[in-house]
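*Asks:* Take this structure, written in structure tokens, and hold onto it; I'll ask about it next.
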Amino acid sequence: MEGHMTQLALLLCITVAASASSQTCDLTKVNDNPWVYVSEMRIGCWTSFITENNTEVHILNLNFGVRDSNIFSLEMENAKPMNLILTSPQTAFCLLRINADVNVYMNNDSTVSLMGNMYPNNVHRLDFPTRSEEELVTWATKQFGGVTSFTTIRNLRTINTTTGLKGTKPGPQRCTLKSEDASEKHFLKIETETPLKSCSPQQQNSGAEAELHIINIREDAGIQNVSLRMHNKKTSVLLRGPQGTTWTVLNPQHTQFGSNNDILLVAFMHTIPPTLTLNSDKAEDVQRKALDHFKASTFTSYTEFRPEGSMVLVLGNKDNGAVGETVPETVIPITTNAPHQMPLMMQLYTSPDYSSPLDPNGKVQSDKRIYAEISGHTFGDIVLTIKVISCFVRSKGSCPVMKELPFIPETCSLNSCPNSTRLSFSLDQLQELEATTWDLECSVKLCYSEKCGDGGRVKRNLEVTQPCLQPPTPPCFDFGLPGVLGIAFGGFLIGVLLIGALWFIKIKTGSYWLLSHLSPGCPCSGAKRQPVSTNPSPSENSSANASIGSTQSTPTSSMA
């Protein structure tokens with residue numbers, strides 16, 4: 001009996017331990033926290049100013065940390081007509097999408113590089129102050145007559161302009177800089193990169209229970225003043241921070257709070273004193289304290305971070321609430337024809353191992369396969385993926401001919417080809433054409449963080465030669481002894497026949513020669529040879545007789 005009790009107690013302990021472990025979770029760093037995200041309190045303003053030609057004037061002051069990504073995108077294709085002043089003290093890489101009514105102004109010394117601008121004439125570089133926010137506002141006021149908004153953003157990832165919304169705010173037109181929450185600007189949807197760590201236990205709340213979210217500020221962050229905006233209603237939230245931290249709740253939304261710090265409810269101008277004691281900042285201790293305080297079986301999310309200055313924590317889905325309407329996923333066009341572009345180059349190779357680069361002035365035969373590598377030079381530690389869309393060749397001359405060039409993508413690992421891609425193609429279709437000098441162009445897309453844009457075209461000269469055709473080698477016959485004897489006998493037979501033919505000709509010509517010399521009128525008698533007639537005519541006979549008679553009478557007369 002005692003043994004059974006021991007086994008039962010051991011089994012109960014194991015069950016309790018397993019249940020307790022399922023109520024906690026391990027932290028992971030995330031860029032897109034589905035429950036909590038940060039909107040920082042930074043210097044800025046928001047006015048009702050608009051120019052005489054209905055153009056808004058906006059200033060974006062961007063800052064990037066040493067360990068943060070310095071690539072961001074401005075997606076303002078749906079923006080109202082505006083003059084956008086862009087400034088950043090750090091080197092940055094901007095994927096830009098604007099419309100024809102947006103003009104971008106940058107300082108002459110700015111190290112922000114723009115890509116994807118389809119309106120290069122809309123980018124202007126001027127000499128204006130950038131070290132002081134007040135001086136920049138003063139310059140913009142003199143340049144354009146006023147400032148519609150001034151927004152400071154740290155670690156920006158993306159800015160979207162909400163379709164159809166104006167960038168103005170009812171009220172004064174003068175820009176007075178102060179600490180503000182940039183997420184309140186409804187015409188902008190701002191996404192930043194924050195070093196949040198978050199997790200969620202496997203066992204979630206049932207449908208009847210309210211969500212329980214835990215937010216923990218580590219002790220080494222120091223005393224903070226953090227604002228909290230609620231998107232979800234009927235939520236329980238535990239807030240833990242270093243002693244002296246103040247949590248300012250902008251909109252309670254029927255939320256139940258618990259904290260070891262003061263909580264200020266702005267809507268009611270009421271301060272809730274600390275309701276619990278929690279000196280440990282370890283994730284497991286904070287999670288267990290939240291479960292015990294709210295008498296809950298599990299929680300929805302746990303978030304941990306180290307804030308840098310004043311900021312606003314937003315609890316709830318980004319697409320819900322007043323931060324901005326949901327904007328469909330967009331494509332960022334990038335063209336290599338724009339200034340401050342990402343340079344692209346194409347290198348040709350003659351071998352599939354890409355170990356034999358082709359000289360820029362080298363020639364390639366049309367029957368050989370060519371291997372190409374397209375690469376780009378980026379700024380900082382940015383990693384872009386290059387995708388080839390199409391390739392074509394265009395002949396040089398007065399009557400250019402253009403042909404599409406099919407290609408095959410070649411495998412290439414990120415380690416061996418960072419910021420590049422490989423492909424191969426054949427020039428067989430150029431064998432039928434007389435042109436030898438061509439321009440090879442490929443259209444590419446540049447992708448970053450699952451967003452792709454038009455990368456323009458990369459161009460390269462190509463000299464094509466036709467393959468050398470060798471004359472056909474005459475066949476070599478190998479004769480044996482029977483062949484040799486047959487040829488010899490054939491030659492002998494031909495010789496006999498030729499000799500016989502000559503003998504026959506000799507006989508025929510010899511008979512004709514003898515007959516001609518034996519006929520009357522032989523040349524040897526001194527008279528002209530007359531043709532022989534076998535049947536003389538009567539007149540000829542009488543003539544002949546008369547001649548004979550006269551001949552015979554001649555001697556008689558002379559004798560007489």
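None of the figures in this text is laboratory data; all of them are computed from the coordinates on show. None of the values given here were measured: they were computed from a predicted structure. Reconstructed Cβ throughout: ideal geometry from the backbone, glycine too, with neighbour counts over all protein chains shown.
*Asks:* How high is the FRET efficiency between Gln90 and Thr385 when r is their beta carbon distance and R₀ equals 30 Å, given to the nearest 0.05?
*Replies:* The formula returns an efficiency of 0.80 here.
*Asks:* If you don't mind, another one. Taking the Cα atoms of the stretch 66-184, report the difference between the largest and smallest coordinate on each principal axis, in whole Å and largest first.
*Replies:* Principal extents (Cα only, largest first): 35, 33, 28 Å.
*Asks:* Taking a cut-off of 30 Å between Cα atoms, list the lysines near Lys282, but don't count ones fewer than 8 places away on the same chain.
*Replies:* Answer for Lys282, where 30 Å is the Cα cut-off: Lys29, Lys197, Lys233, Lys234, Lys295, Lys318, listed by chain and number.
*Asks:* So, one more: Taking Lys403 as the anchor, which lysines have their alpha carbon closer than 25 Å to its alpha carbon, excluding any fewer than eight residues away along the same chain?
*Replies:* Within the straight-line cut-off, Lys403 pairs with Lys363, Lys368, Lys387, Lys445, Lys459.
*Asks:* With a 10 Å radius around each residue's Cβ, average the other Cβ atoms per peptide and rank 346-356, 79-89, 493-503, 50-60, highest first.
*Replies:* Order by mean packing, descending: 79-89, 50-60, 346-356, 493-503.
*Asks:* State the antiparallel share, in %, of DSSP beta bridges confined to the stretch 25-171, rounding to the nearest 5.
*Replies:* Just about 10 percent of them are antiparallel.
*Asks:* If you don't mind, there's one more thing I want to ask. Suppose R0 equals 25 Å; then what is the FRET efficiency for Glu52 and Tyr119 from their Cβ-Cβ distance, rounded to the nearest 0.05?
*Replies:* The value I calculate is 0.65.
*Asks:* Another question about this same structure. Give the cross-link partners of Lys506 among the lysines, using a straight C-alpha distance below 29 Å as the criterion and excluding same-chain residues fewer than 8 apart.
*Replies:* Reachable lysines: Lys528.
*Asks:* Further question on the same structure: What is the extension gain from Asn279 to Met345, computed as 0.36 nm multiplied by their sequence separation minus the C-alpha to C-alpha distance, in nm to one decimal?
*Replies:* Numbers: separation 66, 0.36 × 66 = 23.76 nm, distance 5.76 nm.
Net length gain for the segment: 18.0 nm.
*Asks:* Separate question: Please compute the length gained on full extension between Val401 and Val484, using 0.36 nm multiplied by the number of residues separating them and subtracting their Cα-Cα distance.
*Replies:* Here the segment from Val401 to Val484 would lengthen by 23.9 nm.
*Asks:* Take every Cα-Cα distance within the stretch 113-259, group them into 5 Å bins from 0 onward, and report for each bin the whole-number percent of pairs it holds.
*Replies:* 2, 6, 11, 13, 17, 15, 11, 9, 7, 5, 2, 1, 0
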